[in-house]
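To start, the structure under review is shown below, and the notes come after it.
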Amino acid sequence: MLDARLAELTRCLPDLRLLTAPGDLEHYGRDWTRRWTPAPLAIALPASIAEAQAIVRWANEHRVAIVPSGGRTGLSGGAVAANGELVLSLERMNRVLDFNAIDRTLSVQAGISLQAVHDAARGHGLLYPVDFAARGSCSIGGNIATNAGGIRVIRYGNTREWIAGLKVVAGNGELLELNRALIKNSSGYDFRQLMIGSEGTLGIVVEATLKLTDPPPPSQVMLLALPDMDALMHVFALFRARLALQAFEFFTDHALKHVLAHGAQRAIDGDYPYYVVTEFDATDERVQEVALAAFEHALEQGWVSDGVIAQSEAQATALWRLRDGITESLAPRRPYKNDVSVRISAVPSFLHEMRALLMREYPHIEVVWFGHIGDGNLHINVLRPDGLAEEDFITQCEHVTKLLAATLQRHGGSISAEHGIGLVKRAYLESTRSAAEIALMHGVRKVFDPNGILNPGKLFVSD
Ligand code: FAD
Ligand code: MLT
Ligand code: ZN
């Protein structure tokens, strides 16, 4: 028998697609963390803004919590529904609505995948530059809600830079049209920016107008093997000074082991502790000479041990797979993830402290690092050893995260660089934000969502 609240919802919205089968509840109730047991009330799949608004009004009336849901590729539990919430999936609102050649903008519904946005932009000879490995399944709405970063931040910045306007259903059901794609709009508070990174706690993004840019110039991709951790930032400084970087990503030998076991091709013989994949503009043939000269210099300095430069698109793709494929290769192990950042200038000293901490606290546990080192963003993935119970493993990781948060605080860093706080990191928010800021965040939430129905339990320890 249908829950009385759901019966009322279907009475108000007879055409609403509503799922309640156990398989659907499980599928839509979790994200890539897979740490919590999904237990949503139901899944609503609105097909229009009007339906989304009506759902939010119904939720206010019946005090039902809503979990806004995109592609559920999130890595911090933001889209998890484990407490009888209604999952509001944007999956059916996935169309391109408009392309404006003069404004160079693309208007889309929030459920569209990042890949589909890339394809649409390319179809108009332009680029939407935010990019990362989940592109095929994550949604623009989710990207906006987490202010997603990815592998091109060093050149193009985060999602925040690419949002010209938003349509958002606020927590009271009101539709807000934010910034209307204006370049200049100095007329008070910019709620568009407030929505970006708000993790579904202030409003439901239903449409977005995205800025597009020129396609990137021709580029070259290089893989470098490094002898030690200190070399990382030396090589970064050298390459950034001599080349126009599009990406500068690193990973360790542990990450390499997993990605190779998952089907990627080895590109450098021998074993080295650190690797870098870098991509840079190659507008003419002199660039290759500059890159090789930089490589030679790094070799003389003892900062690199080996390297390879892709000679074809297929080779470039194969080199990128060594970095892009890491998350998927680790996924079966359900790693405990930290996603931290410091200013670029603080990376060397932070890395030293962090490595000492991890070696001390995880003596018999495999820890895999990789990330967007050129942005000061590091991903730490801790793998549960066979024989260690999940609960004990998480307890140990939480203890280390507390210490890591204190280290980050000393270095002026962030406990969440790009994945969001969600459920995973809410206990550590205060290592990155002051008590005064957190109090204001609560206040802002109350204004946009007076009854606290949007994603309660996420971002904050208590609502
Ligand atoms: P979901 O997981 O569905 O939701 C994420 C959060 O957004 C939740 O709090 C949810 O409630 C909220 N939300 C979703 N849609 C809406 C909406 N329409 N309105 C309001 N709130 C909404 N992230 C990076 O930043 N950089 C990376 O390089 C990166 N690489 C990844 C690689 C892989 C293989 C995977 C699996 C994930 C990666 N991620 C990365 C994490 C993830 O893909 C991003 O956080 C992404 O932005 C989430 O989008 P989604 O649609 O899957 O969101
Ligand atoms: C990445 O950079 O690959 C992503 O942020 C995913 C991850 O951290 O696992
Ligand atoms: Zn990342």
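The values are calculated or read from the model by the stated rules, or taken from the named source; none is laboratory data. These figures come from a predicted structure and were not determined experimentally. Positions of Cβ are generated from backbone atoms using ideal geometry, with glycine treated the same way; all protein chains shown enter the neighbour counts.
Suppose the filter is surrounded by 15 or more Cβ atoms within 10 Å (Cβ to Cβ) and part of a helix (DSSP H, G or I); does Trp320 pass it?
yes
Of Val96, Val117, Val80, which residue is surrounded by fewer than 23 Cβ atoms within 10 Å (Cβ to Cβ), within 28 Å of Asp24 (Cα to Cα) and either aliphatic (A, V, I, L, M) or in contact (Cβ under 8 Å) with a residue 60 or more places away in the chain (or both)? Steps first, answer last, please.
Details: Val117 fails: surrounded by fewer than 23 Cβ atoms within 10 Å (Cβ to Cβ); Val80 fails: surrounded by fewer than 23 Cβ atoms within 10 Å (Cβ to Cβ).
Val96 is the lone residue from the list that is surrounded by fewer than 23 Cβ atoms within 10 Å (Cβ to Cβ), within 28 Å of Asp24 (Cα to Cα) and either aliphatic (A, V, I, L, M) or in contact (Cβ under 8 Å) with a residue 60 or more places away in the chain (or both).
List, please: which pairs have Cβ atoms under 6 Å, are six or more places apart or on different chains, and start with a residue in the range 149-160 that is more than 12 Å from ligand 3 (Cβ to nearest atom) and end with one that is assigned to a loop (DSSP other than H, G, I, E, B)?
Every condition considered, the pairs that remain are Tyr156/Pro129; Thr159/Val130; Thr159/Asn147; Thr159/Ala148; Arg160/Asn147; Arg160/Ile196.
Among the residues of the range 242-253, is any surrounded by fewer than 23 Cβ atoms within 10 Å (Cβ to Cβ), without any contact (Cβ under 8 Å) to a residue 40 or more places away in the chain and either of a type in the set (Val, Ile, Thr) or within 13 Å of ligand 1 (Cβ to nearest atom) (or both)?
no
Condition test on Gly74, is it touching a Leu at 6+ places or on another chain (Cβ under 9 Å), in a loop (DSSP other than H, G, I, E, B) and not polar (S, T, N, Q)?
For Gly74, the condition - touching a Leu at 6+ places or on another chain (Cβ under 9 Å), in a loop (DSSP other than H, G, I, E, B) and not polar (S, T, N, Q) - is not met.
Can you tell which of Ala181, Ala148, Ala164 is near ligand 1 (Cβ under 7 Å from one of its atoms), in contact with a Ser or Thr (Cβ under 6 Å, 6 or more places away or on another chain) and modelled with pLDDT of 95 or more?
From the options Ala181, Ala148, Ala164, the qualifying one is Ala148.
When you scan the range 223-234, do you find a residue that is of a type in the set (A, V, I, L, M) and part of a loop (DSSP other than H, G, I, E, B), even just one? Please lay out each step first, then the result.
To start, the set of residues in the range 223-234 that are of a type in the set (A, V, I, L, M) comprises 223-226, 229, 231-233.
Among the residues that remain, those that are also part of a loop (DSSP other than H, G, I, E, B) are: 229.
For the range 223-234, residues of a type in the set (A, V, I, L, M) and part of a loop (DSSP other than H, G, I, E, B): present.
Is there a residue in the range 438-461 that is in contact with a Phe, Trp or Tyr (Cβ under 8 Å, 6 or more places away or on another chain), in a helix (DSSP H, G or I) and within 15 Å of Asn338 (Cα to Cα)?
No, the range 438-461 has no match at all.
List, please: which pairs have Cβ atoms under 9 Å, are six or more places apart or on different chains, and start with a residue in the range 122-148 that is free of Cβ contacts under 8 Å to residues at least 24 places away in the same chain and end with one that is aromatic (Phe, Trp, Tyr) and away from ligand 2 (no atom under 13 Å from the Cβ)?
Every condition considered, the pairs that remain are Gly123/Phe99; Asp131/Tyr156.
Would you call Ile309 surrounded by 15 or more Cβ atoms within 10 Å (Cβ to Cβ) and either within 15 Å of ligand 2 (Cβ to nearest atom) or within 27 Å of Arg433 (Cα to Cα) (or both)?
No.
Considering only residues that are hydroxyl-bearing (Ser, Thr, Tyr) and assigned to a helix (DSSP H, G or I), which ones fall in the range 364-416?
Selection gives Thr395, Thr401, Thr407.
Can you name every one of the helices (runs of 4 or more DSSP H) wholly within the range 138-217 that holds 1 or more residues which are farther than 28 Å from Glu328 by Cβ? Give the derivation first.
Details: elements: 140-146, 153-156, 191-195.
So the answer is 191-195.
Give the residue, chosen from Glu366, Glu353, that is of a type outside the set (Val, Ile, Thr), at pLDDT 95 or above and closer than 23 Å to Trp32 by Cβ.
Exactly one of Glu366, Glu353 is of a type outside the set (Val, Ile, Thr), at pLDDT 95 or above and closer than 23 Å to Trp32 by Cβ, namely Glu366.
Restricted to the range 375-389, and to residues that are of a type in the set (A, V, I, L, M, F, W, C) and within 16 Å of ligand 2 (Cβ to nearest atom), which residue is farthest from the chain's Cα centre (by Cα)?
Going through the qualifying residues, I end up with Leu383.
In the range 85-97, what residues are assigned to a strand (DSSP E or B) and closer than 11 Å to Glu207 by Cα?
Val96, Leu97
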